[in-house]
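**Q** Here it is, the structure in full.
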Amino acid sequence: MRAGPSKIRVAALVFAAALALHELRYLIAYGGGAGRAQAEQGHGYLPGAELIALALLALAGAGLLRALARARLDDGRATPLLVTSLAAAAALALIYTGQEMAEGLLSSGHPAGLAAILGHGGAVAYALALPLGGLVALGLQAARAAVRAAARRQARPRATRRPPLLPRPTFHAPFAPASVLARKLAGRAPPLVS
């Protein structure tokens with residue numbers, strides 16, 4: 001069975017990229033008035049979504065640290081970067097489309113239908129999906145590379161102490177050493193009278 005990236009890691013990166021896509025689309029379309037335009041068009045839920053994205057990113061980071069600590073080499077090949085980038089870009093475009101359609105249906109100030117998706121510079125979101133999809137793919141690839149490097153480091157046999165090139169000479173006395181008293185190394189006795 002092939003090991004893929006963590007589902008939490010994928011969800012966190014895609015969710016954060018989807019929010020970035022939405023924010024960038026409004027910044028490009030409205031410039032300095034992006035906040036006002038979002039408020040008028042029913043985007044009051046975005047701060048809550050940003051908190052969810054931060055929580056997912058924190059979970060993904062903790063999961064990555066855990067994976068680094070318990071790293072094992074997997075035998076599966078990684079999905080090519082271009083394929084992952086395109087899949088992430090497609091997911092971001094679909095998320096953006098669904099988000100804008102839902103906002104058009106649920107918010108009174110938001111355009112509906114095709115105007116919700118493409119109106120007021122909305123088409124730029126599809127162009128932004130490509131580089132953001134590439135960033136998601138790079139993040140996933142970097143995490144996988146870090147886990148593989150940790151696994152290789154853990155799989156490497158521990159370095160043992162090498163024996164010296166030349167053996168150390170050992171000294172063998174030709175006779176047994178004399179006792180401490182015979183070699184006059186004993187301490188002096190205390191005086192008899194003080």
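**Q** Tell me whether region 42-65 contains one or more residues that are hydrophobic (A, V, I, L, M, F, W, C), at pLDDT 75 or above and over 23 Å from the mean Cα position of the chain (by Cα).
**A** There is no residue in region 42-65 that is hydrophobic (A, V, I, L, M, F, W, C), at pLDDT 75 or above and over 23 Å from the mean Cα position of the chain (by Cα).
**Q** Being small (Gly, Ala, Ser), surrounded by 17 or more Cβ atoms within 10 Å (Cβ to Cβ) and at pLDDT 75 or above is the filter here, so list the residues in region 101-158 that pass it.
**A** Looking only at region 101-158, we keep the residues that are small (Gly, Ala, Ser), and these are 102, 104, 107-109, 112-113, 115-116, 119, 121-123, 125, 127, 129, 133-134, 137, 139, 142-143, 145-146, 149-151, 155.
From the residues that got through so far, the ones that are surrounded by 17 or more Cβ atoms within 10 Å (Cβ to Cβ) too are 104, 107, 116, 122, 125, 129, 133-134, 137, 139, 143, 150-151.
Within region 101-158, 122, 125, 129, 133, 134, 137, 139, 143, 150, 151 qualify.
The values are calculated or read from the model by the stated rules, or taken from the named source; none is laboratory data. No experiment lies behind these values; they were computed from the predicted model shown. For neighbour counting, all protein chains shown are included, and Cβ atoms are generated from backbone atoms with ideal geometry for every residue, glycine included.
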